[in-house]
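Structure, as structure tokens:
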Amino acid sequence: MLRGLYTATAGMLSQQRKHDTITNNIANINTPGFKQSRAVSRSFPEMLIELLEGKPGMEVANRGRLNTGVLAEEALTVNVQGEIRETANPFDFAIVSDIQVDGLRFDGGKTITADGQRIFQPQAFFTVAAGDDVERYTRNGKFSVNELGELVTAEGFRVLGDNRQPIVLLDPATQIPITHVTVNKYGQLLDSMNGQALLDAAGNPIRLLISRVDNPVRMIPEGTGLFRLEPDDEGTVAQVAVADNVEVKQGFVETSNVDPTQAMVDIMTATRMYEANQKVIQAYDKSMEKAVNEIGRV
């Protein structure tokens, strides 16, 4: 009896995890560049039920398997392109990417090969430096220029150029932050007044560092639209190439890829499943009450 009680409890915990994941998606519907997550559930290891006679030389009889419940194992990020919305702000940027791999056809950011292997589509990200100077990745391109002339995110993280150094936009003559900037589709920064390439302190053209992540499902969300990679996965990141079919659009932002209608359906389903498991627990509780209070008096 208690085994069924534990199984129903595991179901409630799993649905609660799904509910929390969907709620977080809904809360970030208006967050630029946000990528929704989906809770992935799996069953606990099955138990093999055997008949043990305990007599020497006798074979053990296999009576079948017993499932012991479910758990929400992890929340996977859905790396699907969000809608591109125009803002007319010169420091708003959006990445439009459709990186292909050996002619594979991706659906929803992933594909399954003939031998059952699941492959995720590589994705492109802006690269920023967090407070610990460790590289982070984001699709939220709402940037601005601070008083030091640094190109920064809304949270103040510095945006990196292709030399892996923070991008600084200062007029060399006046040391005043430059605000008249044009960015082409390759991420190169130009002076809007004369069309000339903006240069860094070393005299090299300034270009946004757009990173290609070959296995984006391995990225770990850190909040505020930032992702990081474990040290073992750093080899899966490289600067995008011209052939990668990645374009930077100035004056646009990528909206969240959360589908509000589907999110509401999913949250209602999770709630109903939670309630169903709750009813099972209540039924077990009544059975145990009868066993203790009524059968025990016989």
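The values are calculated or read from the model by the stated rules, or taken from the named source; none is laboratory data. This structure is a prediction, so every number in the text was calculated from the model and none was measured. We place every Cβ from the backbone using ideal geometry, glycine too, and count neighbours over all the protein chains shown.
The residue that is farthest from residue 252 (Cα to Cα), counting only those in the range 93-115 that are outside any loop (DSSP other than H, G, I, E, B) and out of contact with any Lys or Arg (no Cβ under 8 Å at 6 or more places or on another chain), is 107.
Pairs are defined by a Cβ separation below 7 Å, a sequence spacing of at least 6 or placement on different chains, a first member in the range 152-166 that is free of Cβ contacts under 8 Å to residues at least 60 places away in the same chain, and a second member that is small (Gly, Ala, Ser); the pairs so defined are 152/144; 158/129; 160/129; 166/129.
Taking the numbered list (1) surrounded by 11 or more Cβ atoms within 10 Å (Cβ to Cβ); (2) free of Cβ contacts under 8 Å to residues at least 12 places away in the same chain; (3) under 24 Å from the mean Cα position of the chain (by Cα) in turn, residue 261 passes all entries but (1). In this structure, does residue 246 turn out to be among the β-branched types (Val, Ile, Thr), surrounded by 18 or more Cβ atoms within 10 Å (Cβ to Cβ) and in contact (Cβ under 8 Å) with a residue 12 or more places away in the chain? Against the criterion (among the β-branched types (Val, Ile, Thr), surrounded by 18 or more Cβ atoms within 10 Å (Cβ to Cβ) and in contact (Cβ under 8 Å) with a residue 12 or more places away in the chain), residue 246 qualifies.
To keep it simple, each residue is scored yes or no on (1) under 27 Å from the mean Cα position of the chain (by Cα); (2) outside the structural domain of residue 149 (by TED's automatic domain parsing); (3) part of a strand (DSSP E or B).
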{"position": "186", "(1), (2), (3)": "yes, no, no"}
{"position": "194", "(1), (2), (3)": "no, no, no"}
{"position": "203", "(1), (2), (3)": "no, no, no"}
{"position": "212", "(1), (2), (3)": "yes, no, yes"}
{"position": "217", "(1), (2), (3)": "yes, no, no"}
{"position": "234", "(1), (2), (3)": "yes, no, no"}
{"position": "238", "(1), (2), (3)": "yes, no, yes"}
{"position": "248", "(1), (2), (3)": "yes, no, yes"}
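Would it be correct to say that residue 167 is under 28 Å from residue 86 (Cα atoms) and either modelled with pLDDT of 90 or more or not assigned by TED's automatic domain parsing to the domain that holds residue 219 (or both)?
yes
Of the residues making up the range 223-243, just one is at pLDDT below 90 and buried (at least 20 other Cβ atoms within 10 Å of the Cβ), namely 225. Exactly one residue out of 193, 219 is exposed (fewer than 11 other Cβ atoms within 10 Å of the Cβ) and aliphatic (A, V, I, L, M): that is 193.
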